[in-house]
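The values are calculated or read from the model by the stated rules, or taken from the named source; none is laboratory data. Everything numeric in this text was worked out from a predicted model, so none of it was measured. Positions of Cβ are backbone-derived with ideal geometry, glycine not excepted, and every protein chain shown enters the neighbour counts.
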Amino acid sequence: MTRFFYCKLYRRCFDIKELQTNEQIRDKEVRLIDSNGEQIGVVPIKKAQAIAFDRKLDLVKVAPNAKPPVCRVMDYGKYKYEQAKKEKEAKKNQKTINIKEVRLSPRIEDHDLNVKSNQANKFLKNGDKVKVTVRFRGRELGHTDVGREVLKKFAELTSELGVIEKKPKMEGRNMIMFLAPIES
């Protein structure tokens, strides 16, 4: 495999958006936009590169699929810095929600259920979602109504801090219910 293929594969995997600049642009004619945002028009590539060089800026291809491609005269280093700053700011404002799991059995005792519900309440206080699973083994699978009652009782114990996001549902040998924290 060639080096070019690795480069394309690397960019595709890590989603790097590199724009063509200055001598990398191989088109004969381009639609040129000034650094102020004004359209200069369709010009030969040599003239566009000369304009960018005279102003001590870069010629950047911003719309490669247009006919003719659109190029802009700008400070490319400053542009990349501002884009990285915007991405960092967007990441900072993102809220991550974790899903914590609590496993129960259909024959769980009241005290054990209270301990598990207290643990789920801690998760809900922290803003995490809780996945409550009741695992059925052997003949218990014939009595899924018992598991549904356990989940209903669990939801009542955690009702102060959480609300049922997804009602109890059988998935294979497990009955699953999701709880979400109450928005305050």
So for region 79-91 (the condition being over 22 Å from I182 (Cβ atoms), of a type outside the set (A, V, I, L, M, F, W, C) and touching an Asp or Glu at 6+ places or on another chain (Cβ under 6 Å)), does at least one residue qualify? no
Would you point out which residue out of G147, G77, G127 is assigned to a loop (DSSP other than H, G, I, E, B) and not aliphatic (A, V, I, L, M)? G127
Note on K100: of the conditions (1) closer than 30 Å to V150 by Cα; (2) in contact (Cβ under 8 Å) with a residue 40 or more places away in the chain; (3) under 34 Å from the mean Cα position of the chain (by Cα), unmet is (2)
Among the residues in region 57-65, are any farther than 21 Å from E18 by Cβ and not in a helix (DSSP H, G or I)? no
For region 51-62, does any single residue satisfy the condition of being on the phi > 0 side of the Ramachandran plot and among the charged types (D, E, K, R)? yes
Is it the case that some residue within region 74-96 is assigned by TED's automatic domain parsing to the domain that holds D58 and crowded, with 18+ Cβ neighbours inside 10 Å? yes
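Residue-wise test of (1) within 30 Å of Q39 (Cα to Cα); (2) assigned to a helix (DSSP H, G or I).
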| residue | (1), (2) |
| --- | --- |
| R72 | yes, no |
| A84 | yes, yes |
| H111 | no, yes |
| A155 | no, yes |
Taking the residues in region 157-184 that are among the small types (G, A, S) and either under 14 Å from G147 (Cα atoms) or without any contact (Cβ under 8 Å) to a residue 24 or more places away in the chain (or both) as candidates, determine which candidate is surrounded by the most Cβ atoms within 10 Å (Cβ to Cβ). S159
Taking V62 as the residue in question, decide whether it is touching a residue at least 24 places away in the same chain (Cβ under 8 Å), in contact with a Cys (Cβ under 8 Å, 6 or more places away or on another chain) and either β-branched (V, I, T) or within 30 Å of E149 (Cβ to Cβ) (or both). yes
Taking region 33-57 as the search range and keeping residues that are at pLDDT 85 or above and under 35 Å from the mean Cα position of the chain (by Cα), which one is nearest to V70 (Cα to Cα)? I33
